[in-house]
1. Checking residue 107 against (1) modelled with pLDDT of 95 or more; (2) surrounded by fewer than 20 Cβ atoms within 10 Å (Cβ to Cβ); (3) within 13 Å of the chain's Cα centre (by Cα), only one condition comes out false. Which one?
2. Out of (1) modelled with pLDDT of 95 or more; (2) touching a helix residue (DSSP H, G or I) at 6+ places or on another chain (Cβ under 8 Å), what's the single condition that is false for residue 99?
3. Which number in (1) free of Cβ contacts under 8 Å to residues at least 40 places away in the same chain; (2) on the phi > 0 side of the Ramachandran plot marks the one condition that residue 85 misses?
4. Quick check on my filter: what residues within region 141-153 are surrounded by 12 or more Cβ atoms within 10 Å (Cβ to Cβ) and either out of contact with any strand residue (DSSP E or B) (no Cβ under 8 Å at 6 or more places or on another chain) or outside any loop (DSSP other than H, G, I, E, B) (or both)?
5. Here is a list of conditions, (1) touching a helix residue (DSSP H, G or I) at 6+ places or on another chain (Cβ under 8 Å); (2) modelled with pLDDT under 95, and residue 86 meets all of them except one; can you say which number that is?
6. Quick one: which of 128, 65, 147 is in contact with a helix residue (DSSP H, G or I) (Cβ under 9 Å, 6 or more places away or on another chain) and either at pLDDT 95 or above or within 20 Å of residue 12 (Cα to Cα) (or both)?
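The values are calculated or read from the model by the stated rules, or taken from the named source; none is laboratory data. No experiment lies behind these values; they were computed from the predicted model shown. For neighbour counting, all protein chains shown are included, and Cβ atoms are generated from backbone atoms with ideal geometry for every residue, glycine included.
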């Protein structure tokens, strides 16, 4: 089911059949370098189930990012559960072949618009590995405010943390 779209992208609900595409994202060491590393098929099947259930219970989750002209699932963008005083955390991961084309900003912008209309999201947060300058630029373009360093358990380090009031 499509949830939102942009000029070039459609964002739809994830489903268990997305595992092969998601392994090209969550299972790729380069893509997940700043997020605790690549996962195994079993881990990512559990992640898909978790996010599907999360959407059913709260109306938020990461969404599959699909390129409209090709129909290719090129990544994921949406929301992780509440953390660090926010109601949801923005996240985005794209297949490496699609980096540097503005897709992260485009998809994340659509998700911010979704958050602004969601009745349970008042504060949107996002953490970024300090080595990931491109991701920090995306958050700054979207209007997030840097609030300081926060400990991020999956990577075991303090990371820049950003917030936006919705």
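1. All conditions pass for residue 107, except number (2).
2. (1)
3. Residue 85 satisfies every listed condition except (1).
4. Result: 141, 142, 146, 147, 149, 150, 151, 152.
5. All conditions pass for residue 86, except number (1).
6. That would be 65, the only listed residue that is in contact with a helix residue (DSSP H, G or I) (Cβ under 9 Å, 6 or more places away or on another chain) and either at pLDDT 95 or above or within 20 Å of residue 12 (Cα to Cα) (or both).
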